[in-house]
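The structure under discussion appears below in the form of structure tokens.
The values are calculated or read from the model by the stated rules, or taken from the named source; none is laboratory data. Since the model is a prediction, treat every value here as computed from it, not as a measurement. Using ideal geometry, Cβ is built from the backbone for each residue, glycine included, and neighbour counts are taken over all protein chains shown. The area values use the complete protein model at the heavy-atom level, side chains included, leaving out ligands, DNA and RNA. Shrake-Rupley method; radii C 1.70, N 1.55, O 1.52, S 1.80 Å.
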Amino acid sequence: MLEERRIKTYRVAEGKSASSLEWRLASSSPSFLRPLLGRAWQRRRMLARGVNWRRVLFVAVDGEVAGYLQFYLHGAGPHQLSFAHMRDEFGITQAAWRFPLYQVLHRRFRGFDAYLYRIVVTEPFRGQGLGQRLLEAWLALLEARGVAGADLEVWGNNPQAMTLYSSLGFVERRRLTIPVRASWLRDRQLIQMHRGG
């Protein structure tokens, strides 16, 4: 049973050595970034060069990393991607159009006081309440910093996540319909949720 196991939420301290798994998870990104940042391995390679460890929480069970949460707080997110990172990956011509579009997207997330960028629990640990543990740790971190409000977006085809977010006080603000169909989009419905101030 999970209750009998040792569960820990934590952050990797700035300058401390992270495990290879922590690096891989911290430098991951959602699939909707594929048109801008390339395939998953390309995104990880670029984003690993600028991980902001202060914006990544992990959960471990008996010392094994079981999931992570990435977030924005006061405009700073989990990655600090520069034009040079993108130029090194794609060349200057490709970076010239990709980087400005990435900046527009990045600015959108920075518009929130606190924004849940990504939460993932690895397959063997799903359905055990670890996502809720990560969210509670994140909300406690925000409260300790005096941040009253938090925002997130969830795909419409994920009712389990919506139920979890609602149980933690998030309420639906609005629904958006993405005007395009693409394999890298999980759904066309995006639900914006807010909690607190």
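Adding -39500 (n - 2.57) for every DSSP H run of four residues or longer, then dividing by how many residues the chain holds, sets the calculated 222 nm ellipticity at -10500 deg cm²/dmol. Once neighbouring chains are kept in place and the probe is 1.4 Å, which whole percent of the accessible area of segment 2-123 is contributed by carbon and sulfur? The nonpolar share, carbon plus sulfur, comes to 51 percent.
Just the Cα atoms of the chain, one point each, no solvent: what log10 I(q)/I(0) does Debye give at q = 0.15, 0.17 Å⁻¹? Log10 of I(q)/I(0), two decimals: -1.00, -1.29.
Computed from backbone phi with θ = phi - 60° and the Karplus coefficients 6.51, -1.76 and 1.60, the 3J(HN,Hα) list for segment 26-33 is 5, 9, 7, 8, x, 5, 5, 7 Hz; x is used for glycine and proline. The peptide list 71-77, 100-106, 82-88, put in order of mean Cβ contacts within 10 Å with the highest first, becomes 71-77, 82-88, 100-106.
Using Cα pairs closer than 8 Å and at least 6 residues apart in sequence, work out the relative contact order for the chain, in percent. Relative contact order, the chain: 18 percent.
Rolling a 1.4 Å probe over the heavy atoms of the protein chains gives the chain an accessible area of 53 Å² per residue.
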